[in-house]
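> Input: one structure, supplied below.
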Amino acid sequence: MEERVDIIMELEKQLVIAIDGPAGAGKSTVAKLVAKRLGYIYIDTGAMYRALTLKALEEGIDLESEADLAELAQNTEIKFIKAGAEDRVVIDGLDKTEEIRANKVSNNVSIVAKVAAVRKELVRIQRGLAQAGGVVMDGRDIGTVVLPEAALKIFLNATVEERTKRRYQDLQQKGENVDFEQLKEEIIRRDELDRNRDVAPLKKADDAIEIDTTALEIEEVVNRILEFCKS
Ligand code: DC
């Protein structure tokens, strides 16, 4: 097999790069590769909202109780731990990397993510992680709320059909069988909740560059972002 050598691109400054967009637009795949090529740290903020949602489901916490969810956010330790090339998500000392991606978590995460006190706590942590620079952070509100001063803001988008296809393939690979049309409805519903919530809704920042990834290869998107970094 051909061996691929990743050449780390040298930039003069340790930039902060914000990547936002709806579910399945390719944010995490692209952000991870951009971070790798720059020798930066990748921070998946969606994983943090997923972590709290998983814990709430496991502990039977009432998702309608904002006070209980706020308390949960205060009392949960979420860590990203490097294991070789992989980032593992550790919640209160337990590795839950796979569990946070379950469809049940996807279908409830927007309820948890709309709570102001939950967002306040997670945004505080996210800003701390980005403080030293050299970071690629992806989410929904990174360019608008978490890191409005980011040197580069990207908003990734794709048609709902394409985004569903990607999620469908991901879930199938993990052995989770879902109906395509139902998954599409769930993605539309989640987007709607994320776009229309009162606090930090999913929105392109005015100064973000929008890239439609529907017909693009991953490598093409990554290269475009790296070009923007250079300029
Ligand atoms: O990127 P993802 O699909 O793993 O994100 C899961 C959910 O978390 C998403 O539906 C909305 C929420 N989220 C958010 O509200 N703000 C962020 N910065 C990241 C994710």
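> Which listed residue (208, 148, 131) has the Cα farthest towards the positive end of the charge dipole for segment 116-231, taking +1 on Lys and Arg C-beta and -1 on Asp and Glu C-beta about the Cα centre?
Result: 131.
> Leaving ligands, DNA and RNA out of it, report the carbon-plus-sulfur percent of the accessible area of segment 191-231 at a 1.4 Å probe. Show your work: numbers first, answer last.
Working: 1160 of 2560 Å².
Ligands and nucleic acids excluded, carbon and sulfur reach 45 percent.
> Are any of the pairs 36/79; 36/120; 27/165 more than 26 Å apart by Cα-Cα distance, and if so, which?
Going by Cα-Cα distance, 36/120 fall outside the 26 Å limit.
> Next question. Using the heavy atoms of the protein chains alone and a 1.4 angstrom probe, what is the accessible area of the chain per residue in square angstrom?
53 Å²
> Sticking with this one: In angstroms, what radius of gyration and Dmax does segment 99-142 have, counting Cα atoms only?
Rg then Dmax for segment 99-142, in Å: 12.4, 35.
> If the viscosity is 0.692 mPa s and the temperature 37 °C, what translational diffusion coefficient in µm²/s does Stokes-Einstein give for segment 35-97 when Rh comes from Kirkwood over Cα pairs?
Translational diffusion coefficient: 256 µm²/s.
> So what's segment 1-116 giving for Rg/Rh, alpha carbon basis, Kirkwood Rh from the mean inverse pair distance?
Ratio of gyration radius to Kirkwood radius for segment 1-116: 1.03.
> Give me the number: length gained by fully extending residue 185 to residue 209, i.e. 0.36 nm times residue separation minus the C-alpha to C-alpha distance, one decimal in nm. Please list the in-between numbers first.
On the way: separation 24, 0.36 × 24 = 8.64 nm, distance 2.74 nm.
Extra length available between residue 185 and residue 209 comes to 5.9 nm.
> Quick one: with all protein chains in place, what share of the accessible area of segment 1-147 is carbon or sulfur, to the nearest percent (1.4 Å probe)?
51 percent
> I would also like to ask the following. Treat each spin label as a single point 7 Å out from the Cα along the C-beta direction, and report the residue 58 to residue 83 distance in nm.
1.4 nm
> Taking 0.36 nm per residue of sequence separation and subtracting the Cα-Cα distance, how much length would be gained by fully extending the chain between residue 227 and residue 15, in nm to one decimal?
Working it through step by step, the gained length comes to 75.0 nm.
> Taking the Cα centre of the chain as origin, sum charge times position over the Cβ atoms of Lys and Arg (+1) and Asp and Glu (-1), and report the length of that vector in debye to the nearest 20.
380 debye
> Taking the Cα-to-Cβ direction at residue 65 and at residue 127 and moving 7 Å from each Cα, how far apart do the two end points lie in nm?
A separation of 2.9 nm, rounded to one decimal place.
> Return the ratio Rg/(2.2 N^0.38 Å) for segment 54-142, where Rg is computed over Cα atoms only.
1.12
> Per residue, how much space in cubic angstrom lies within the convex hull of the C-alpha atoms of segment 99-231? Don't skip to the answer; put the middle values down first.
Values: hull volume 17.1 nm³, N = 133.
So the per-residue hull volume is 129 Å³.
> Please check: in the Gaussian network model of the chain (C-alpha springs, under 10 Å), which one of 75, 196, 157 has the largest mean-square fluctuation.
Sorting by GNM fluctuation, first place goes to 75.
> So, one more: Taking springs between alpha-carbon atoms closer than 10 angstrom, which of 154, 17, 91 fluctuates most in the Gaussian network model of the chain?
Of the options given, 91 has the highest mean-square fluctuation.
> If you don't mind, another one. Whole-Hz Karplus ³J(HN,Hα) for segment 53-58, in order, using 6.51 cos²θ - 1.76 cosθ + 1.60 and θ = phi - 60°, x for Gly and Pro?
For segment 53-58, the Karplus curve yields 5, 4, 5, 4, 5, 5 Hz.
> Two decimals, Cα atoms only, Kirkwood Rh: what is Rg/Rh over the chain? Don't skip to the end; give the middle numbers.
On the way: Rg = 17.1 Å, Rh = 18.2 Å.
Taking Rg over the Kirkwood Rh, I get 0.94.
> Between 114, 174, 55, where does the largest GNM mean-square fluctuation fall for the chain, given springs only between Cα atoms within less than 10 Å?
174
> In nanometres, what is the gap between the two model label sites at residue 174 and residue 36, each 7 Å from Cα along Cα-to-Cβ?
Here the answer is 1.9 nm between the modelled labels.
> In degrees from 0 to 90, rounded to the nearest 10, what is the angle of the helix 116-130 Cα long axis to the longest principal axis of the chain?
The angle comes out at about 30 degrees.
The values are calculated or read from the model by the stated rules, or taken from the named source; none is laboratory data. What you see is a predicted model; the values in this text were computed from it and never measured. Every residue, glycine as well, gets a Cβ built from its backbone with ideal geometry; the counts of neighbours run over all protein chains shown. Just so you know, the surface numbers come from the protein's heavy atoms only, side chains and all, with ligands and any DNA or RNA stripped out. Shrake-Rupley method; radii C 1.70, N 1.55, O 1.52, S 1.80 Å.
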